[in-house]
Amino acid sequence: MPKKTSSEAGQPAALRFTRVNAVLGAAGLLSLTLGYWLLARGSITAAPLLLVLAYVVLLPLAIIL
C-alpha cells in the first residue's frame, strides 16, 4: 500500500524554505531594485529585461522550488 502524504492524511503540507529559495528570492529582489532604478534613469532596454526576469523567472522560481 502506498504511503500517504501529509495532505492526503488531512494535514496541511509543510512548506520547506531552503537556501535555494533564499538565493532566488534575493536575486529577484535585486533584479527588481536594479530594474526600477534603471527605469528611473531612463534606460529603455536593460530595465524592462531585468523587471521581466525578476517577475517572470526569479520570483516564481523562489516560490515554487
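The values are calculated or read from the model by the stated rules, or taken from the named source; none is laboratory data. Computed from a predicted model, the values in this text were never measured in an experiment. Heads up, the Cβs are rebuilt from the backbone with ideal geometry, glycines too, and the neighbour counts pull from every protein chain shown.
Before moving on, here are some points about what is shown:
- Among all residues of the stretch 49-63, there is none that is exposed (fewer than 10 other Cβ atoms within 10 Å of the Cβ) and either of a type outside the set (K, R) or modelled with pLDDT of 90 or more (or both).
- The C-beta contact set for the stretch 13-41 (first residue within 11 Å of L59 (Cα to Cα), second residue small (G, A, S), distance under 7 angstrom, 6+ apart or interchain) comprises N21/A62; L24/A62; G25/A62; G28/A54; G28/A62; S31/A54; L32/A54.
- Members of the stretch 16-58 found to be of a type in the set (S, T, N, Q) and outside any helix (DSSP H, G or I), listed by number: T18, S43, T45
- Extreme residue, modelled with the lowest pLDDT, among residues of the stretch 10-37 that are exposed (fewer than 13 other Cβ atoms within 10 Å of the Cβ) and polar (S, T, N, Q): Q11
- Selection over the stretch 34-65 of residues that are touching a helix residue (DSSP H, G or I) at 6+ places or on another chain (Cβ under 6 Å) and of a type in the set (A, V, I, L, M, F, W, C) gives a count of 14.
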